[in-house]
Structure formats: structure tokens, C-alpha cells
Amino acid sequence: MTTPEQPAQKTTRARKTTAAKRTSTPRKTAAGASTGTLPDPTEREVILEVNSLQKYFPVTRGIIFRKKIGDVQAVDGLNFKLSKGETLGLVGESGCGKSTTGRLLTRLLEPTGGKVLFEGKDITHASMSTMRPLRRDIQMIFQDPYSSLNPRHNIGTIVGAPFRIQGIETEKGVKRSVQELLELVGLSPEHYNRYPHEFSGGQRQRIGIARALALRPKLIVCDEPVSALDVSIQAQVINLLQDVQTELDLTYVFIAHDLSVVRHISNRVAVMYLGKIVELGDADSIAKRPAHPYTRGLLDAVPVPDPFAPLPASELRGEIPSPLSPPSGCRFRTRCPYAQERCAMEVPLLREVADDQFVACHFPLHGEVAPMPEAVELSTTAG
Ligand code: SF4
């Protein structure tokens, strides 16, 4: 077993200083405050654009004659843009569709509808041959550092796989490049010949990060990269992600179920519920003054690190409904303490309630009540 996280801290701290001098890419400090303000979103280059993105999984019945009986509406009509150098946090409970969204963005899943544009190029239904070169630019870090590394392969093979698959001969040779990547993520070059079982959870996640960085991507989808780690290791991995973002000018989509973790690393946050974005905006504004009852419920559920503090009293009640048959109108209405008759009739659309804060709610916690449309959009889903 190797010494766990000590060398990592030294390496990344040293790099942090040089990297900060070299680039002005915005990042957040460990305390969550921004050390550099991102310019206005309209002034930055959009790297990723998502329009009305949908993913429905068909549900069938029968053994010989399979009959479709419905669809699991995992993702239903997502819209957002992501600027270069930005981190967008996707947050929500298990089953809200955030991981499915991550897989749609990386094209590990085929969307049912909508569009995904990467650097202005439509990749929604791009073929494997079209996607192959794009795989260098779009990478993913997976949740489970145990199952995402092949136990039969050594670290050199795992981290060097992207070079071999893409047929890239690096200047210094694959071995030297892999060793440099290991150093970049705070591991030792001597780890090259070791196997995944010889590492701790945090070190394994660093290996996963090294593999994602191998081809110098532009966009990385981080799918719950710290959920399976201890709290102290979570902080180290998040700091590492921020350091490499600064050093390599990366853009992140950061998926997690813990709003406090997402707020810490993200410039903007999108809160998802049952396949839809219910609130989208600046991370600090949303955390300080949520406009959607669900966002407030998530914030209330964040544990306070004080053993004498009263237990958090969240207004969230009940379980998340089945995405096979979501509630009509507002999908959150069956759990919302402020639900009214209108909420069952009309699908709330995302609208701006404050500067860079958008909410999909007829009766938000702040801002104006949504005006009644002339023609009410009746939900077609079950009630
Ligand atoms: Fe609650 Fe109605 Fe707002 Fe939905 S639209 S979150 S049910 S108040």
C-alpha cells in the first residue's frame, strides 16, 4: 500500500502558484469564494450548448411479443449553455436525471430528442467515427473509483489507454507522458507499474482524473467524482480538480447530489428534479437566496458541522415520484408545501427572477408570481 495523500498536496500546491501566475482562468478558493470573476457570460466563448435535450427509456412488457407500455422520462427538455473555463454544477436527488445528462453530453447515451452542440458543432447524433476525434476534447470522470479502473491492468496501461486507443505517439513516449500525468495529479511516477488494488479510494480517483486528462480535453463531465470518498479526501480531490482546471484551462460539468459540494466548485448551478431543471443561476446567489422550494429543501438538508446544532428541518416530504408517470403540471407539486391548483394544471417554465437566477415555479420564494399565460400549457403526463 502506498502512502496516501501526502505527496499530492505538495505537488498540487506548488503547481497552484505557478499556474495562477500563468493564467487568469477563474476559480474558487477552498472557502468557496471566487478568486477571479468570470466575465459576462455573453462575452465568453460558448463551448457547450444544450437545447431541449430529452432521454426517454422505453419500458416493455412480455417475453416473446414485447410491447412498449411507457417511457421512463429520465431527462425531459434541458436547456443551458456552458462557457469556456466555467464550471456548471448539476445537482439533485438520486433519480433526477443528472447522471443521464452527463452521459448524454459525452454521447455515451443517444438522446431521444433535442440538440447538443459542442463548439458550435451538432454532435447529437454524431456517428462513432465522427465522435472518435471529439473524444479527445470531451472526457468523463466516473463516480466509483473502484469499478472504473480495470483491476487486471496496471496504472501505466490504464492511464496510457487513451493514447493507445487514439493512436497517439507522444513526443516523450507514452510511458513518460503517463508518468507526467501521475505527477500532475499528485501521484508518484513509480506508481506506473502498480495495480488499482494497491491504492486508496482517493488515489484511485486521482488515477481516474489522470486518465481523463491524458488527451488534454477541453470539457470534462465529472459524474459524482467525490461521492464515494471520505469527507477529508473529498476536499483534496476537489482542490485537485480546481488546480488542474486552472493549469489546463478546462471546462467542467460537475454532477453531485450535495449542494454544498457543488456550490464550492461551481460558477453556476443547475438544480434538477425529475428530469427537468427547476433552478439555474449563479452558485452563490442560489445558495444564499434560493427561489425554488426544492432548492431550499436541498439546502436545508445539508448537514451542519456542529454536533450541538439542531437537526436540519427540511420542508421536503415524501419520495421522488416515478419518472414513468410524473405528476402533471409542476413535477414537484406532490412534495411542495406551497402547491396550489394552478401547479397541477400548468407546466412552470424557467424564467428570470433575479440577476442570473432562473426558476421554474409559478410561486417562487422571491421574485414575482409567474403571469398567467393566455393559453395554458396543459401537461400531457399522468396526474
Ligand atoms: Fe411548488 Fe407550484 Fe412552484 Fe411547483 S410551481 S414548486 S408546486 S409552488
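The values are calculated or read from the model by the stated rules, or taken from the named source; none is laboratory data. Computed from a predicted model, the values in this text were never measured in an experiment. For neighbour counting, all protein chains shown are included, and Cβ atoms are generated from backbone atoms with ideal geometry for every residue, glycine included.
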> (1) within 16 Å of the ligand (Cβ to nearest atom); (2) under 16 Å from MET140 (Cα atoms): which one isn't true of ARG296, the others all being true?
Replying inline: (2)
> Which of the residues that make up region 312-342 are assigned to a helix (DSSP H, G or I) and either under 25 Å from ALA301 (Cβ atoms) or more than 8 Å from the ligand (Cβ to nearest atom) (or both)?
Replying inline: GLU341
> Taking region 138-187 only, how many residues are buried (at least 16 other Cβ atoms within 10 Å of the Cβ) and assigned to a loop (DSSP other than H, G, I, E, B)?
Replying inline: 10
> Residues of region 356-383 being more than 25 Å from GLY318 (Cα to Cα) and at pLDDT 90 or above, which ones?
Replying inline: GLN357, PHE358
>> Restricting to region 104-122, name every residue that is at negative phi and without any contact (Cβ under 8 Å) to a residue 60 or more places away in the chain.
In response: LEU104, LEU108, LEU109, GLU110, PRO111, THR112, LYS121, ASP122
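Listed here are the residues, each with its yes/no results for (1) without any contact (Cβ under 8 Å) to a residue 60 or more places away in the chain; (2) within 20 Å of VAL244 (Cα to Cα); (3) out of contact with any Cys (no Cβ under 6 Å at 6 or more places or on another chain).
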site	(1), (2), (3)
THR124	yes, no, yes
PRO133	yes, no, yes
ILE138	no, yes, yes
GLU180	yes, yes, yes
GLY186	no, yes, yes
SER200	no, no, yes
> Taking region 343-365 as the region of interest, how many residues are near the ligand (Cβ under 7 Å from one of its atoms) and not in a loop (DSSP other than H, G, I, E, B)?
Replying inline: 1
>> Among the residues in region 328-336, are any at pLDDT below 90 and of a type outside the set (A, V, I, L, M)?
In response: no
> Which residue out of GLY120, GLY160, GLY114 is small (Gly, Ala, Ser), in contact with a strand residue (DSSP E or B) (Cβ under 7 Å, 6 or more places away or on another chain) and at pLDDT 90 or above?
Replying inline: GLY114
> Looking only at residues in region 330-374 that are within 18 Å of ASN79 (Cβ to Cβ), among the charged types (D, E, K, R) and without any contact (Cβ under 8 Å) to a residue 40 or more places away in the chain, which one is surrounded by the most Cβ atoms within 10 Å (Cβ to Cβ)?
Replying inline: ARG351
> Which condition number in (1) touching a Phe, Trp or Tyr at 6+ places or on another chain (Cβ under 9 Å); (2) at pLDDT 90 or above is the one that ALA210 fails?
Replying inline: (1)
>> Of all residues being farther than 20 Å from SER94 by Cα and of a type in the set (Gly, Ala, Ser) in region 288-311, which is surrounded by the fewest Cβ atoms within 10 Å (Cβ to Cβ)? Just the residue, please.
In response: ALA309
> Which is under 30 Å from SER322 (Cβ atoms) and in contact with a helix residue (DSSP H, G or I) (Cβ under 7 Å, 6 or more places away or on another chain), of VAL262, VAL278?
Replying inline: VAL278
>> Restricting to region 276-293, and then to whatever is among the small types (Gly, Ala, Ser) and either in a helix (DSSP H, G or I) or within 14 Å of the chain's Cα centre (by Cα) (or both), can you tell me which residue is farthest from the ligand (Cβ to nearest atom)?
In response: ALA283
>> For PRO305, only one of the following conditions fails: (1) in contact with a Pro (Cβ under 7 Å, 6 or more places away or on another chain); (2) away from the ligand (no atom under 16 Å from the Cβ). What is its number?
In response: (1)
